[in-house]
1. Which numbered condition trips up VAL33, out of (1) surrounded by 19 or more Cβ atoms within 10 Å (Cβ to Cβ); (2) closer than 27 Å to SER258 by Cβ?
2. What residue, among those in the range 1-52 that are within 20 Å of GLN217 (Cβ to Cβ) and charged (D, E, K, R), is modelled with the lowest pLDDT?
3. How many residues, within the range 166-191, are closer than 23 Å to SER258 by Cα, part of a loop (DSSP other than H, G, I, E, B) and modelled with pLDDT of 90 or more?
4. Residue by residue through the range 214-245, note down the ones that are at pLDDT below 90, among the small types (Gly, Ala, Ser) and touching a strand residue (DSSP E or B) at 6+ places or on another chain (Cβ under 9 Å).
5. Search the range 14-30 for residues being assigned to a loop (DSSP other than H, G, I, E, B) and touching a helix residue (DSSP H, G or I) at 6+ places or on another chain (Cβ under 8 Å), and hand back the single one that is nearest to VAL54 (Cα to Cα).
6. With the requirement that a residue be over 30 Å from VAL216 (Cβ atoms) and touching a residue at least 40 places away in the same chain (Cβ under 8 Å), what does the range 53-73 give you?
7. Identify, please: which residue in the range 173-195 is in contact (Cβ under 8 Å) with a residue 12 or more places away in the chain and among the charged types (D, E, K, R) and is, among those, surrounded by the most Cβ atoms within 10 Å (Cβ to Cβ)?
Amino acid sequence: MVIAIMMSLQESTLRMLANANVPASFQFPHDGVGNDHDSVGSAQQRPAAGWGTVAQLMDLSYNARAFYGGPSGPNQGSPRGLLDVPGWSRMSKGQAAQAVQVSAFPELYARWESQATAIVDLLQVVTTVPMCSPAESAGPYPVSAEGLSQIRQDILRVTRAGLGGAYVWGGTAFKAWDCSGFVQWIYRQVGIELPRVEQWRVGRMTDSPQVGDLVVQNPQGPYNWGHVGIYAGDGMMYSALNPSAGTLLHPIDWNPGSAYFDLLGS
């Protein structure tokens with residue numbers, strides 16, 4: 001699991017990517033756009049290399065099964081997945097990812113090991129936590145509202161109400177949204193109507209963000225980013241991260257290229 005997440009963090013920052021060179025990929029739900037040869041999906045595998053059809057590679061479950069490979073893998077060892085690589089478990093995790101991906105930049109997978117390990121640890125904790133009553137689950141949050149302006153306190157309150165929401169590409173409904181749909185819903189609850197996308201354009205960039213400001217990540221070009229969330233302070237942010245993780249409080253450095261925008265001016 002750690003190796004697979006390391007791979008996807010490097011290849012797509014855990015996003016489902018269409019490709020500007022593959023028009024058919026835009027017919028399927030996606031979180032961003034790449035342009036590397038004909039690579040598509042969360043693992044950036046190439047149809048031309050035999051990994052699958054465009055439709056298959058734009059499916060998250062197929063991406064995972066193809067990467068793992070093995071006897072039940074969709075490619076039957078060609079191209080080979082992780083379980084088809086002899087001695088993969090004795091390799092470093094970065095080397096194991098490279099053995100599958102055959103990247104031109106093999107050294108880059110290893111840098112994601114700590115983040116991938118943290119994600120797997122978090123998911124294991126989430127899946128083993130016993131059910132609790134609403135009263136028990138309403139305990140203290142790691143983000144304090146102390147000293148915040150009223151509107152920032154309100155943003156923090158409604159942001160917390162969205163935790164646990166599903167990630168739905170293009171979604172704007174409560175707990176069924178994508179990253180910008182989540183942010184739009186939050187600000188709407190405090191009386192501020194934001195654009196559906198590129199919400200940073202109505203704010204000002206800041207090097208001193210406060211709780212409630214926007215965090216934008218995954219640069220896609222000049223003044224353009226592929227992910228947006230709410231700054232929580234202390235290196236943390238709230239966002240609808242991706243279909244696997246949903247809406248949660250998570251470290252900012254899970255995604256690269258962060259910048260901050262103040263939409264409140266207070």
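1. Among (1) surrounded by 19 or more Cβ atoms within 10 Å (Cβ to Cβ); (2) closer than 27 Å to SER258 by Cβ, the lone unmet condition for VAL33 is (1).
2. ASP31
3. 1
4. Listed by number, the residues that qualify are SER244, ALA245.
5. PHE28
6. TYR68
7. Checking each candidate, the answer is ASP178.
The values are calculated or read from the model by the stated rules, or taken from the named source; none is laboratory data. All figures in this text were calculated on a predicted structure; none of them were measured in a lab. In this analysis, Cβ positions are derived from the backbone assuming ideal geometry, glycine residues included, and neighbour counts consider all displayed protein chains.
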